[in-house]
Amino acid sequence: MDPAARRRPDSAGRMSRSAEAASGSTGQAAPPDPSVLLYTAEQAAALLQISPWWLRRKATARQVPCTFIGRYLRFSTADLEHLIRASVRPATSRAGHSTPDQRA
């Protein structure tokens, strides 16, 4: 591989598209690493497959669980699990359409 095509991750752990393609990345988020105690907003957003901007905005407004170490925003695995559990919504039908339970 051309050395110019290989790139190292930046300070947030992101790689360029060419580096991702070279590393065989499939675009799927990797499962949380149990040895990692805290994730940055970018790492947590990648695991949750959401925008880092949205996650930072919600954390700064204290609308999602997070940890501030000084001025540094971090997320624990428990924070991410809580966010997932709190975001679960039951399935609903569209207006005017009946669900299988309503047809019987």
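Each value in this text was obtained by applying a stated rule to the coordinates, not by laboratory testing. Since the model is a prediction, treat every value here as computed from it, not as a measurement. Methodologically, a virtual Cβ is constructed for each residue, glycine included, from the backbone with ideal geometry; neighbour enumeration extends over all protein chains shown.
Between the beta carbons of Gln49 and Ser93, assuming R0 = 35 Å, the FRET efficiency works out to 0.85 to the nearest 0.05.
Stretched out straight at 0.36 nm per residue, the stretch from Arg85 to Tyr72 would grow longer than its current Cα-Cα span by 2.2 nm.
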